[in-house]
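A.B. asks: Here's a structure for you.
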Amino acid sequence: MSVAALIYEGKTLKLLWFDQLGHRAEVLVGDMSAVPSALAVSRDDSKIALACGSVVQLYSAMHGALYLTASLPSHSTASEYPQESRRIQRLAFSVDSRKLVAATQEYMNSYKRPVYVRIWDCFAKEARSEVELEPVWLSLVSFS
């Protein structure tokens, strides 16, 4: 089992990853204008998903190093609210580590709107959107 953590050094955000063999890797996430809202590690310890604002950054963990492999948008459904009002609330990988679920909620004037759920296929070389559900009122996302 590996562990991922986010740390701030000044205004710079770093993603740290420790694998079961004791290897440590870190990657500079950058000067983030959006606050990180969710973090998930796949069960096979090969992928890390980090949500910042309305984007999921997908990293691959290989040979003691982290590589940014994709920046995934939250949802494509037409909305009357601007992209900045979207915040990814939850991330979860499937048991087989092949899929990633992202639950995004829109906020406007401190009111919460319905949740958009998007499922990504992360097994191929490039992640691709597999399913995007209609907005729902949802409180938890989980795989079992």
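The values are calculated or read from the model by the stated rules, or taken from the named source; none is laboratory data. All of these numbers come straight from a predicted model, not from anything done at the bench. For neighbour counting, all protein chains shown are included, and Cβ atoms are generated from backbone atoms with ideal geometry for every residue, glycine included.
A.B. asks: Within the stretch 83-102, does at least one residue satisfy the condition of being assigned to a loop (DSSP other than H, G, I, E, B) and modelled with pLDDT under 75?
C.D. replies: No: the stretch 83-102 contains no residue that is assigned to a loop (DSSP other than H, G, I, E, B) and modelled with pLDDT under 75.
A.B. asks: Continuing with the same structure: Looking at this structure, is Tyr8 at pLDDT below 85, assigned to a strand (DSSP E or B), more than 22 Å from Ala127 (Cα to Cα) and in contact with a strand residue (DSSP E or B) (Cβ under 9 Å, 6 or more places away or on another chain)?
C.D. replies: Yes.
A.B. asks: Condition first: more than 9 Å from the chain's Cα centre (by Cα) and within 14 Å of Ala102 (Cβ to Cβ). Now tell me which residues in the stretch 43-54 satisfy that. Write out each step before concluding.
C.D. replies: Keep residues of the stretch 43-54 that are more than 9 Å from the chain's Cα centre (by Cα), which gives 43-47, 53-54.
Listed by number, the residues that qualify are Lys47, Gly53, Ser54.
A.B. asks: Which residue, of Gly30, Gly53, Gly64, is closer than 18 Å to Lys14 by Cβ and at pLDDT below 70?
C.D. replies: Testing whether each residue is closer than 18 Å to Lys14 by Cβ and at pLDDT below 70 leaves just Gly30.
A.B. asks: I'd like the residue in the stretch 11-54 that is small (Gly, Ala, Ser) and assigned to a loop (DSSP other than H, G, I, E, B) and, out of all such residues, is surrounded by the fewest Cβ atoms within 10 Å (Cβ to Cβ).
C.D. replies: Once the filter is applied, the top-ranked residue is Gly22.
A.B. asks: Exactly one condition in (1) assigned to a loop (DSSP other than H, G, I, E, B); (2) within 12 Å of the chain's Cα centre (by Cα) is not met by Gln57; state its number.
C.D. replies: The one condition Gln57 does not meet is (1).
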